[in-house]
1. With every atom except the alpha carbons ignored, what do you get for Rg and Dmax of segment A:69-160, in angstroms?
2. For segment A:1-60, restrict the atom set to alpha-carbon positions and state the Rg and Dmax in Å.
3. Taking Cα centroids, how far is segment B:112-178 from segment A:1-61 in Å?
4. Can you give the Kirkwood hydrodynamic radius of segment A:44-119 from its Cα pairs, in Å with one decimal?
5. Taking the Cβ of each residue in A:L49, A:L180 as the centre, tally the other Cβ atoms inside 10 Å and list the residues starting with the fewest.
6. Per residue, what volume in Å³ does the Cα convex hull of segment A:117-193 take up?
7. Could you tell me which GluC sites (Glu not before Pro) in segment B:1-79 are loop residues by DSSP with no more than 14 other beta carbons within 10 angstrom of their beta carbon?
8. Treat segment A:168-220 as a sphere of radius equal to its Kirkwood radius over Cα pairs and apply Stokes-Einstein at 20 °C in a medium of 1.002 mPa s; give the translational diffusion coefficient in µm²/s, rounded to a whole number.
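A short reminder: the numbers here are calculations on the coordinates, not readings from a lab. These figures come from a predicted structure and were not determined experimentally. Neighbour counts are summed over all protein chains in view; Cβ atoms, including those assigned to glycine, are modelled from backbone coordinates with ideal geometry.
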Amino acid sequence: MANNNNGDVKLIGAWPSPFVMRSRIAFNIKSVEYEFLEEKFGSKSELLLKSNPVHKKIPVLLHNDKPICESNIIVEYIDEVWSAGPSILPSDAHDRAVARFWAAYVDEKWFPNVRGALNASSEEAKNAAVGQLKEGMALLEGAYEEISKGKDFFGGEKIGFIDIAFGSMLAWLRALQVMLGGVKLLDEEKTPGLCKWADKFSADPAVKDVLPETDKIIEFAKLLVAKNKAAAASS
Amino acid sequence: MADQGEVKLLKTWSSLFGLRVVWALKLKGIPYESVDEDLTNKSDLLLQYNPVHTKVPVLIHNGKSICESLVILEYIDETWSQNPPRLLPRDPIQRASARFWAKFMDEKQALPSMWQAFTKEGREQEEGVASIAENLKLLEAELEGKKFLGGEEIGIPDFALGWLVNLVPVFEEILGLKIVDEERHPSLSEWSRRISDIPVIEESWPPRDKLVTKWAAIRDHFLATARASSG
């Protein structure tokens with residue numbers, strides 16, 4: 001890929017992964033072209049295993065053959081290296097700390113409940129996970145109100161770090177709502193700010209070709225849940 | 001030079017995560033007020049400044065709070081960038097690597113597997129111990145040929161691993177197991193000595209006998225709870 005000054009840029013990933021979506025959105029914001037090396041579902045390529053030997057997970061960014069792992073770390077890297085493009089992290093140190101805090105919250109506290117809800121073996125477990133997700137949505141709604149200060153995004157007038165970290169989850173969030181029989185995580189009454197934000201984020205030029213259709217994720221989720229069940233049964 | 005402003009740190013006497021922030025503040029020569037919390041009776045200050053997690057450490061700078069130890073470390077590095085040492089390298093690739101290893105300690109395996117080995121018994125404990133051994137192998141490989149995880153200078157990943165130096169001997173004593181040894185982990189052992197030689201770090205360790213008492217009680221509590229629910 002002729003990238004002039006950008007060097008050789010490859011992204012190892014897969015279209016359904018929200019973590020991979022983060023890197024792709026960041027690249028779009030910076031108008032950086034990259035080669036997308038898609039992993040096959042159910043197997044891990046030699047390149048992936050070599051590039052991320054510790055976790056063996058996607059995404060992995062290969063910049064001039066040097067690997068960078070962990071989705072939020074990759075976004076920070078992209079922001080630092082391609083600093084001429086629109087900035088992703090805020091410029092104020094305290095705002096940056098807040099952005100990192102919420103990105104970490106999405107990964108450590110919120111997302112595990114998505115997995116929990118999808119893979120729950122009992123109604124009780126599922127309801128517990130959904131309850132946690134709803135609590136999380138309320139916190140994120142509060143954070144959105146406080147941080148966006150009346151603008152469209154957590155990042156203000158344009159997409160920023162928290163938008164990418166949480167927005168990348170939207171396809172899965174919408175899929176979950178359907179798969180759980182109409183559970184409302186994005187709720188016009190309880191999370192009006194996030195509802196508007198979700199629409200704006202999804203329509204953003206940097207995002208719309210990256211965020212998959214909800215139906216496609218539902219289809220994929222069924223495959224994934226089946227695979228997880230089979231693995232659990234055989235272990 | 002950034003306006004120092006008022007710096008307050010909420011922590012506990014034994015918190016490993018709080019200790020990281022103490023080291024950063026002390027190494028950079030940043031004056032601060034320290035508040036030791038009693039987590040069984042959380043202060044209004046803690047509830048106000050970390051409403052989401054109500055956990056320590058919390059850094060309060062000029063009335064604004066920063067939570068999560070690794071986030072705090074980056075904030076300190078950026079805000080007091082004129083004060084050496086740099087806690088993160090300048091080069092973006094090295095920064096990404098430093099962040100990766102710091103995150104590895106907390107979120108991926110290192111601490112969680114230690115927790116499992118410490119709070120369980122029998123097969124679950126064995127699994128925890130095996131997991132720790134795997135993680136230590138990775139860390140040993142990463143440290144080879146380096147002075148610090150950050151490279152030539154101490155940095156955020158070293159702070160993140162700091163608990164290894166102080167807490168592992170305590171766990172080893174309580175469990176009657178050897179977790180880190182000179183033979184399997186020459187680089188880690190060397191690194192531990194190097195960390196301990198830093199005066200600011202050496203003087204900040206919580207008292208060992210108090211730690212043994214506290215952690216032995218924690219282990220007893222977890223084992224008792226597990227036995228009661230399975231018995």
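1. Computed over the Cα atoms of segment A:69-160, radius of gyration and Dmax are 15.8, 50 Å.
2. Cα only, segment A:1-60: 11.9, 35 Å (Rg, Dmax).
3. Here the two parts' Cα centres lie 30 Å apart.
4. Working: mean 1/r = 0.0695 Å⁻¹.
One over the average 1/r among Cα pairs gives 14.4 Å for segment A:44-119.
5. Values: A:L49 10, A:L180 18.
Fewest-to-most ranking of A:L49, A:L180: A:L49, A:L180.
6. On the way: hull volume 6.7 nm³, N = 77.
For segment A:117-193, the hull spanned by Cα atoms encloses 86 Å³ per residue.
7. Details: sites: B:E6, B:E33, B:E37, B:E68, B:E74, B:E78; in loops: B:E6, B:E37, B:E68.
In loop regions of segment B:1-79 (DSSP not H, G, I, E or B), the sparsely surrounded GluC sites (Glu not before Pro) are B:E6.
8. Numbers: Rh = 11.5 Å.
Approximately 186 µm²/s, per Stokes-Einstein.
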